[in-house]
Amino acid sequence: MAYFFKEPSHTFSEYLLVPGYTGEDCVPDKINLRTPLVKHKRGEESELYINIPLTSAIMQAVSDDNMAVSLAKEGGLSFIYCSQSIESQAAMVAKAKSYKAGFVPSDSNVSSEAQLYDILELKEKTGHSTVAVTSDGTSNGRLVGLVTSRDYRVSRMDGSEYVKDFMTPIERLVTAPVGTSLKKCNDIIWEHKLNCLPIIDDQGRLTHMVFRKDYDSHKANPLELLDSDKKYIVGAGINSRDYAERVPALVEAGADVLCIDSSDGYTVWQKNTIDWIRKTYGDKVKIGAGNVVDGDGFRFLADSGADFIKVGIGGGSICITREQKGIGRGQATSVIEVSKARNEYFEETGIYIPICSDGGIVHDYHFTLALAMGADFLMLGRYFARFDESPTSRVSIGGSYMKEYWAEGSARARNWQRYDMGGSKSLAFEEGVDSYVPYAGSLKDNVALTLGKMRSTMSNCGAQSISEFQENAKLTLISATSLVEGGAHDVLLKEHVTQRGYSHSQS
């Protein structure tokens, strides 16, 4: 007879934290969010930490080299998506690892034969007002000029004007040669009162841009995640099909940690993948595995040699695995059960294996609940897809800006490898959707707000670190009535009054 769990599975929205004692030292500014990324023995340090407990999902719509750099600046980690060619993914990893802080490849480029229409379209797509004009319209063509918002006025131009007629030509630009130090570049920017400084090689080709705003940004990132060579730490996804070819390429490109991207980690194919990595590289290559939703799945991957384990099936906002196949579990219950198994494994073996909560996050307070329930860090898709730094296009839908966001299990991604069940090389049916998410602006601003809420909550609970939070947190299940009580209720919100057209009379 089938096994039936006695209790229903729960989501994060069904729990609240109960405040604990807050002492004088337990203020938000003193709360440390550093957390281990890979397994370690009792009494020893993990070989890899992240400075904030946030990682970006292994998805086409979320994690490319730009996201990897942007999130590492804030102290988190990206896993560059693997549903692309091995060569393309390895190039993204190499680009992120070779990134020089302050030296930015130009992502807004046109030729001098482009029109104002093209400039406006590019600005709409990227959100950037500085456009490099190169001989061939690429980021590494010979620089012939720059266009900024000061070079044109939409109200006085019809859009058909050619870029060559209103750009600032190279003869009037201040540039710097390749090899100029970042300090010298910033000195030039301040001396000439520039917003940006193009870096060109001896043949006049554009290599990078240095922006005034990035100077302040660099100083404002004390948590940036760096390796021993002061390069950003970068993760990459792999699958259980072509690992023998993909892993060597990613390791060669400089990936610091890998993760198997799969909807179900409790399989022989994940064990085979980990076995091959251990046989080929020993413990040198760090590999995460998953996803699982119970103690049995955790134990299987732990015994297989995983360095961290991802938790969650079907809880993602664009995932329809539960709807299509009827498998999965509420994310809160999954994290609680796997955390319990992780702690039991630690007591038994002396090896601590971090777990990553993947999916089920809707509100910022869910981040903190997941940590309190035992997750060491989180993996997020929808959250990061909303930002400027994600690789998808920003579009206007019904007068509001949105970002495209699609699942790896959707027909658009065609990522059949992540659903490896030893069968044919095709996506038999979709386990995810193609969608839009509300555009939210810059990653830095949003992550700062989210982390502020997390630190404030932990302060209310009397915890100064994630490990202390997990040990002392008190959680309570809530009723449907409690859920209603938790939001604004029994009042008429002013924004609704405005929308309904009511007037506010004055006497």
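Restricting to DSSP H runs of at least four residues, report the calculated mean residue ellipticity at 222 nm for the chain, -39500 (n - 2.57) per run over all residues, nearest 500 deg cm²/dmol.
Working: 17 runs with 166 residues, N = 507.
Mean residue ellipticity, 222 nm, calculated: -9500 deg cm²/dmol.
Of all DSSP beta bridges confined to the chain, the antiparallel ones make up roughly 55%.
Provide the net charge surrounding Phe300, with neighbours chosen by a C-beta distance below 12 Å and charges set as Lys +1, Arg +1, Asp -1, Glu -1.
Details: positive: Lys271, Arg299; negative: Asp264, Asp294, Asp296, Asp303.
Counting the neighbours of Phe300, the net charge comes to -2.
Output the peptides 245-255, 471-481 sorted from most to least packed, where packing is the average of other Cβ atoms within 10 Å over each peptide's residues. Show your work: numbers first, answer last.
Numbers: 245-255: 19.4, 471-481: 11.9.
Highest-to-lowest ranking by the protection proxy: 245-255, 471-481.
One decimal place: the segment Ser155-Val27 gains 41.0 nm when fully extended, by the rule 0.36 nm per residue minus the C-alpha distance.
Measuring between their Cα centroids, region 52-77 and region 245-290 lie 19 Å from each other.
Full extension of the chain between Asp296 and Arg42 yields a length gain of 89.2 nm, computed as 0.36 nm times the residue separation minus the alpha carbon distance.
Among Val18, Val104, Val437, what's the order by accessible area (1.4 angstrom probe), most exposed first?
Details: Val18 55, Val104 35, Val437 10 Å².
Accessible-area ranking of Val18, Val104, Val437, largest first: Val18, Val104, Val437.
In percent, rounded to a whole number, the relative contact order of region 255-400 is 19, using alpha-carbon pairs under 8 Å and six or more apart.
If r is the Cβ-Cβ distance from Asn272 to Ser85 and R0 is 22 Å, what FRET efficiency results, to the nearest 0.05?
On the way: r = 22 Å, r/R0 = 1.01.
Using R0 = 22 Å, I get an efficiency of 0.50.
Which GluC sites (Glu not before Pro) does region 1-86 hold that lie in a coil by DSSP with at most 13 other beta carbons within 10 Å? Working shown, then result.
Details: sites: Glu14, Glu24, Glu44, Glu45, Glu47, Glu74; in loops: Glu24, Glu44, Glu45, Glu47.
Filter output for region 1-86: Glu24, Glu44, Glu45.
Ranked by the mean number of other Cβ atoms within 10 Å of their residues, highest first, the peptides 156-165, 76-85 fall in the order 76-85, 156-165.
Note on Arg172 and Ile351: the model spin-label points, each 7 Å out from Cα along the C-beta direction, lie 6.6 nm apart.
Measuring with a 1.4 angstrom probe and ignoring ligands and nucleic acids, Ile199 comes out at about 10 Å² accessible.
What percent do you get for the relative contact order of region 142-188 when only Cα pairs under 8 Å and 6+ apart count? Numbers along the way, then the final one.
On the way: 22 pairs, mean separation 20.7, N = 47.
Once divided by the residue count of region 142-188, the mean separation gives 44 percent.
Sort Lys279, Lys286, Lys39, Lys213 by heavy-atom solvent-accessible area, probe 1.4 angstrom, most to least. Walk me through the numbers before you get to the answer.
Details: Lys279 180, Lys286 15, Lys39 60, Lys213 135 Å².
Of Lys279, Lys286, Lys39, Lys213, the descending order of accessible area is Lys279, Lys213, Lys39, Lys286.
Summarising the strand pairing of region 216-331, around 10 percent of its internal DSSP beta bridges are antiparallel.
Counting only protein heavy atoms, what percent of the accessible surface of the chain is carbon or sulfur at a 1.4 Å probe? Walk me through the numbers before you get to the answer.
Working: 12170 of 24710 Å².
Here it works out to 49 percent.
Per residue, the accessible area of the chain comes to 49 Å² when a 1.4 Å probe rolls over the protein heavy atoms. With contacts taken as Cα pairs under 8 Å and at least 6 residues apart, the chain reaches a relative contact order of 21 percent.
For Tyr281 and Thr11, calculate 0.36 nm times their separation in residues minus their Cα-Cα distance, and state this gained length in nm to one decimal.
Values: separation 270, 0.36 × 270 = 97.20 nm, distance 3.84 nm.
Result: 93.4 nm gained on full extension.
Cross-link reach is defined here as a Cα-Cα straight distance under 29 Å, omitting same-chain residues fewer than 8 places apart; for Lys474 the lysines meeting it are Lys6, Lys30, Lys39, Lys41, Lys310, Lys340, Lys453.
The values are calculated or read from the model by the stated rules, or taken from the named source; none is laboratory data. Here the structure is a predicted model, which means the values were calculated and not measured. Backbone-built Cβ (ideal geometry, glycine too); neighbour counts: all protein chains shown. What goes into the accessible areas is simple: the full protein's heavy atoms, side chains included, and nothing from ligands, DNA or RNA. Shrake-Rupley method; radii C 1.70, N 1.55, O 1.52, S 1.80 Å.
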